[in-house]
Amino acid sequence: MKFRQYLKDHWILFLCIFFAMLLISCLLMIMRLSAEGILFINLLVWLFVLIAILIDFMRKKKFYDNVFFNLETLDKKYVLHELLDPPRFAEGDILCEVLYQCSKAMADEVAVYKNHSREYREYIETWVHEIKTPIASASLVYENNKTPVTQSMYEEILHIENFVEQSLYYARSNYVEKDYAIKACSLKEMVGTALKQHAKQLIENKTVIEMKQLDHTVFSDSKWVQFILGQLILNSVKYQSPRRPLRLAFTAEKQAQHIALHIRDNGIGIAKQDLGRVFEQGFTGENGRNFAKSTGMGLFICKKLCGKLGLSIALDSVQGEGVTVTITFPVGNMHLPED
Amino acid sequence: MFKIMIVEDDATIRTELKTLLEKYGYLCIAADDFTSVPSAVEAAAPHLVLLDINLPHFDGYHICREIRSRSQIPIIVVTSRNSDVDELMSMNLGADDFITKPYHTQILLARIAALLKRTYQTDHEAQLEHNGVLLSLCDSTIAANGQTAELTKNELKILHLLMQHKGAIQSRDELINALWQTDEFIDDNTLTVNINRLRKKLESIGVTDYLKTKRGMGYMV
C-alpha cells in the first residue's frame, strides 16, 4: 500500500478539513485575530490531522503488506485467512470475513468433487476386478480348446486384458500411496516377470530377448514397475518393423546417483518431431495415424506412475531403427516418492 | 499323482481349470458347496488347494484360516484383487502363494509345480520312461540301450515336456513359453539348436527318430 494511494482514497476528508479551516480562518479574521494567530491555529490543526493520518496509514499498511507477503509466499493461497493477524480496523475485519466465507464455500465445493472422484475410482477398481473373472474364464476356455478360431479370439482377449490393466493403473495413479510398498527388488526378476506376463505375444512374434548386466537391486514397488515394463514391451510388439524380427534388449548401468535401465527395440521408431510429445495424454503422432490401435495412453500412464514412484523415464528414438526407453532408479533406500 | 482341489464359485472357470489341470496330469476335485469348504478339504485330503477369495457364504480369507488351523496343506490363493493388502492378508492367513486373475496358464502351472515340489520334495516323477528312453530329472541324464548321455538345462526341460505329453504334439511356441517360465528367454533359433542337439544326444545313445517333427505344428515323442 502506497502513501499516495492512501491520500487519494481520503481526498474528501482533506477537502472538507481544508474548507472548514478556510471558513474558521475567515471567522477568526472577522473576530480580528492576528494573522500569526490564525496561521498558528491552522498549522496546529494540520499537524494533528497529519499525525492521525500517519497512524492510520501505518496500521493499514502493516496489515495489507502482511496480506501480500503471505499471498506471495503461500503455496495454497486459499488458506490465507488462517494466517492473518486480527486487523484492528473495520475494513480489515470485513476483508477477513469475506475471505473466510469464500474459502469455506470453495472447500465445500471441492469436497463434493473429491467425493465424486473417490466414488468413481472405487467403482472403476471394482469393475476391473469384476471383469477379470470373465477374462480369466475366457482364457481358460481357449487353453482347453486351441483352434485357429479360439486362438485369434484369445489374442483379442489379451488386448482387452491390457486395456483393463491400463484403466486400473490409471485410476490408481492419483492415489499411489494407498497401494504402494517400496522394497528391494531385483531388476532381473522384474524384467523376467514382465517378459513372462507377455510371453505369448512376444513368442508369437519370434522375439529375440537380450538381457545384460541386470544384476542390480533397486528400491521401488515391483508391481508398478512390472506394469510399466509391460506397457513398454507391448509397445515394442505393436510398433515392430515388418522388415526384421523383433529384438528386445534390456541393459542396466550403475551411475553415481542412480541405476539406469535401458529397454531397446529395433522397431519402426518414432518421428523426430513427435519425440518431445510422446508422454502427453492422448498423443499418438505419426505412428498413431498409421496404426489404428494407438490410444496415446500407454506412455502417458507410464510417465505418470514413474513420477509417483520417484523414477524418471526418458525416450529416445531414430525413426526406422528403433526406440530406447530409459528408466532411472535412484540409488539408496532412503528414497521417497514425490508429494 | 497329485490331487488338487479347486475352490472357485465361477462355474466356467471351475470346469475349465479342472480340464486344464487334468490335461497336465493332475487329479482334480472341485468344491461346489461353499458352506463347508474346510471340512470338504479335510475329507478329500488333496495335495494342494487353489482358493478363490470372492466366494459365497464365507470369503476365502476365512476359509484359508480355517484350513490352516487344521492342516499344513499348501494353499494358492487365486484372486482378481491385486492390491498389496490382499496379498498381505492371504500370506498372513497362511496361504503359500498368491496369483492374480487373469492368470496366464503357464504361470499358474509353473507356480503349482514349484509349490508341490517344494512341499513334498518327493522323487515323484524323478524318472520318466517312454519308448525305451529313460529320462532322470535329478541328474539330468537320458539312458537307453545301456548307454547314458547328459542333458543341458534347456534340453532336459524340452524332453521333459514332450515326455509328459507323450503322443501329443507340442508346438514350438508352447516349448519356448515353457522355457521362458524357467527364466530361459530363448528365441526360435535357439530352440532349433536345442532340438538338434537333443536329437544328436539321443542318436549317440543309439536312439534314432525318437523326437518327431510335425511340420507346421510342432514336436512329439
Enumeration of residues in the range A:86-103 that are surrounded by 12 or more Cβ atoms within 10 Å (Cβ to Cβ) and over 19 Å from residue A:57 (Cβ atoms): A:96, A:99, A:100, A:102, A:103
Single condition residue B:50 does not satisfy, out of (1) in contact (Cβ under 8 Å) with a residue 40 or more places away in the chain; (2) away from chain A (no Cβ under 14 Å); (3) out of contact with any Leu (no Cβ under 6 Å at 6 or more places or on another chain): (2)
Number of positions in the range B:192-213 that are of a type outside the set (Asp, Glu) and free of Cβ contacts under 8 Å to residues at least 24 places away in the same chain: 8
Some residue of the range A:254-264 being at pLDDT below 90 and under 24 Å from the mean Cα position of the chain (by Cα): yes
Residue in the range A:281-326 that is modelled with the highest pLDDT, counting only those that are among the basic types (Lys, Arg) and more than 16 Å from the chain's Cα centre (by Cα): A:289
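Anything in the range A:99-116 that is of a type in the set (Ser, Thr, Tyr) and either facing chain B (nearest Cβ under 9 Å) or out of contact with any Asp or Glu (no Cβ under 9 Å at 6 or more places or on another chain) (or both)? List them, or say none.
A:113, the sole residue that qualifies.
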All positions within the range A:119-138 that are among the aliphatic types (A, V, I, L, M) and closer than 15 Å to residue B:102 by Cβ: A:128, A:131, A:135, A:136, A:138
Options A:156, A:130, A:119, A:165: the member that is among the acidic types (Asp, Glu), more than 30 Å from residue A:310 (Cβ to Cβ) and more than 9 Å from every other protein chain (Cβ to nearest Cβ): A:156
Identity of the residue in the range A:238-261, among the basic types (Lys, Arg) and without any contact (Cβ under 8 Å) to a residue 40 or more places away in the chain, that ends up farthest from residue A:214 (Cα to Cα): A:243
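So, residue B:67, is that one in a helix (DSSP H, G or I) and either in the same structural domain as residue B:163 (by TED's automatic domain parsing) or not basic (Lys, Arg) (or both) or not?
Details: in a helix (DSSP H, G or I): yes; either in the same structural domain as residue B:163 (by TED's automatic domain parsing) or not basic (Lys, Arg) (or both): yes.
So residue B:67 fits the description; yes.
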Helices (runs of 4 or more DSSP H) completely within the range A:1-111 that count 1 or more residues being over 32 Å from the mean Cα position of the chain (by Cα): A:3-9, A:11-30, A:35-73
Residue in the range B:94-108 that is more than 14 Å from chain A (Cβ to nearest Cβ) and in contact (Cβ under 8 Å) with a residue 60 or more places away in the chain present: no
Qualifying residue in the range A:190-199 (condition: touching a Gly at 6+ places or on another chain (Cβ under 9 Å), closer than 26 Å to residue A:295 by Cβ, more than 10 Å from chain B (Cβ to nearest Cβ) and crowded, with 17+ Cβ neighbours inside 10 Å): yes
In the range B:81-93, residue farthest from the other protein chains (Cβ to nearest Cβ) [restricted to those that are out of contact with any strand residue (DSSP E or B) (no Cβ under 7 Å at 6 or more places or on another chain) and crowded, with 16+ Cβ neighbours inside 10 Å]: B:93
From B:174, B:155, B:184, B:129, residue being within 24 Å of residue B:213 (Cβ to Cβ), assigned to a strand (DSSP E or B) and either within 14 Å of chain A (Cβ to nearest Cβ) or among the acidic types (Asp, Glu) (or both): B:129
Residues of the range B:158-176 that turn out to be buried (at least 20 other Cβ atoms within 10 Å of the Cβ) and under 24 Å from residue A:248 (Cα atoms), as a count: 3
Among (1) closer than 26 Å to residue B:108 by Cα; (2) in contact with a Pro (Cβ under 7 Å, 6 or more places away or on another chain), the one test that residue A:205 misses: (2)
Identity of the residue in the range A:329-339, surrounded by fewer than 19 Cβ atoms within 10 Å (Cβ to Cβ) and under 17 Å from residue A:259 (Cα atoms), that ends up modelled with the highest pLDDT: A:330
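Name the residue, out of B:142, B:169, B:195, B:205, that is touching a Lys or Arg at 6+ places or on another chain (Cβ under 6 Å) and not acidic (Asp, Glu). Break it down into steps so the answer makes sense when it comes.
Working: B:142 fails: touching a Lys or Arg at 6+ places or on another chain (Cβ under 6 Å); B:195 fails: touching a Lys or Arg at 6+ places or on another chain (Cβ under 6 Å); B:205 fails: touching a Lys or Arg at 6+ places or on another chain (Cβ under 6 Å).
Selected residue: B:169, the only one of B:142, B:169, B:195, B:205 that is touching a Lys or Arg at 6+ places or on another chain (Cβ under 6 Å) and not acidic (Asp, Glu).
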Filter result (out of contact with any Lys or Arg (no Cβ under 9 Å at 6 or more places or on another chain) and within 11 Å of another protein chain (Cβ to nearest Cβ)) within the range A:202-215: A:202, A:204, A:205, A:206
Matching residues in the range B:1-43 - criterion: being among the basic types (Lys, Arg) and more than 10 Å from chain A (Cβ to nearest Cβ): B:3
Residue identified as buried (at least 17 other Cβ atoms within 10 Å of the Cβ), under 23 Å from residue B:17 (Cβ atoms) and either free of Cβ contacts under 8 Å to residues at least 40 places away in the same chain or not assigned by TED's automatic domain parsing to the domain that holds residue A:293 (or both) among A:156, A:125, A:161: A:161
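The values are calculated or read from the model by the stated rules, or taken from the named source; none is laboratory data. What you are looking at is a predicted structure, and each value in this text was computed from that prediction instead of being measured. For neighbour counting, all protein chains shown are included, and Cβ atoms are generated from backbone atoms with ideal geometry for every residue, glycine included.
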